[in-house]
Amino acid sequence: MESLTDLPPELEKVAVPGCFSVTRLASSGDCILKAIVPQAACPAWPPSPEAEFGRITHSLMDLAARGQIESSKLDPRPVEIALERLLLNERVGHESTMNTHDCLDLRTAFTQCEWRKRTSLAVARTLEVLNLRRPTGDGGELTQGNRIPLMRALQLEGFAASEVALESKNLRLKGRADFLRVLADGTVEVSDFKSGNVLDDEGEVDEVTALQLRLYGLGILELAPRARVELKVVSRGGTSRVTFSTEDIDKTRKWLAELTSQLPEGEWIQSERIAVVGSQCRGCKARAVCPVYRTSIAELWKRSDLLIKLPLDIAGRILEVESHAEGTTTIRLTDLAGRTTKIHRICPGILPTDFDRDGVFWFFNLASSEVAVRNGKWRHPRNFHDLPASTLERRAWTLQVYRVAAFS
């Protein structure tokens, strides 16, 4: 008989690395665990269609930044051809995995309207990148960032490169800037490419993206203290600037120094001490092994006045299993918060036939058509689904199910 995967054990402690990923550090919010947990300690979940398309869009922009897309007069057709080629390669790669729950063709993961919007925006952002790297009269040539040491590159007037590796042992930072160029007046321009919208309700670059770029800016100043640094983000909202004033620099340096002072390199830290549940849990694979998330999330499911968005997860004891003619399954359960909840239209193969229903089951990365945010406050859904009931709903492409056999 087929069996479900057991819920991974809680992560008791983690070792503090010498350098921190700029991207992870910026997106971790108050949760230090997310910033330092090794990827090997997290479950190997497949990426979502949104993340996959975002990665492809990033690759498309990178091709443009490296001069591998030629488009005279900003003609979109060469960009569209390059995007089609990337999508075809992605589909072949997925098919080779033979995982039927993977999204083999990203077009099937979105409505036609969503697909047109995403692809048109990807092309538009890439055209902006092409415009960024057009000759400015300084005689520079674009190269790949790993061909020239960054310290030397910052001294080359007209230098331009994509995927520029940056590492500072003093700041304990490492990462890759999407695009960097040195203008004729010596200004160092750092650009980051985002596939989604990174602007807040006031039209300003959100805190996560701004912090990421400012950390890159600190890395540049570490190598060239007198450099004038300009930070840009190219996203669904267009090209936006991130301020990097003396006040921004001092504030970011202070924040980083306070954080790293709490994290001596090589020290082992108990996960419970540094894990914080919040909006940063959405998309974080570590939550499946996070002791704080697993023990505290049920209390948050009860509330209807939260100001943060929770991951679409649920866990509890199964009360009823209903099988449908098309092979899908609907289950009713009492969740860990004591609520009665349902998961509709679970795809065949997710739950093995005649599986043992005893114990507690965790469902990560569900989908739901319920309106979770009302008047700016979050209410965790009671109804979830895997397969959509109509084209207006989204499928839970990355649904992961685990069973806890021993539960009292």
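Every number in this text was worked out from the coordinates using simple rules, so none of it is lab data. This is a predicted model, so every value here is computed, not measured. Neighbour counts are summed over all protein chains in view; Cβ atoms, including those assigned to glycine, are modelled from backbone coordinates with ideal geometry.
Listing for the model above:
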{"quantity": "Structure-derived mean projected area of the Cα convex hull in nm² - corresponding label in (i) 48.1; (ii) 23.7; (iii) 21.9", "calculated": "(iii)"}
{"quantity": "Selected from L25, L130, L223 as most flexible by GNM, with the chain as the system and alpha-carbon contacts under 10 Å", "calculated": "L223"}
{"quantity": "Within region 302-345: Cβ-based charge dipole about Cα centre, in debye rounded to nearest 20 (Lys, Arg +1; Asp, Glu -1)", "calculated": "200"}
{"quantity": "For the chain, share of DSSP beta bridges that run antiparallel, in % to the nearest 5", "calculated": "75"}
{"quantity": "Positive-end residue, the chain charge dipole about Cα centroid, Cβ charges, pick of L183, L173, Q262", "calculated": "L183"}
{"quantity": "Angle in degrees between helix 207-223 and the longest Cα principal axis of the chain, rounded to the nearest 10", "calculated": "40"}
{"quantity": "Set of lysines with alpha-carbon distance to K169 below 23 Å, sequence-local pairs under 8 removed", "calculated": "K34, K251, K254"}
{"quantity": "Degrees, to the nearest 10: 246-261 long Cα axis against longest axis of the chain", "calculated": "50"}
{"quantity": "Neighbour cut-off at most 12 other Cβ (10 Å), DSSP loop, GluC sites (Glu not before Pro), region 1-41", "calculated": "E2, E12"}
{"quantity": "Cα-based reach from K232 at 16 Å (exclusive), listing lysines while leaving out same-chain residues under 8 positions away", "calculated": "K194"}
{"quantity": "Dipole in debye (nearest 20) - the chain, about Cα centre, beta carbon charges: Lys, Arg +1; Asp, Glu -1", "calculated": "360"}
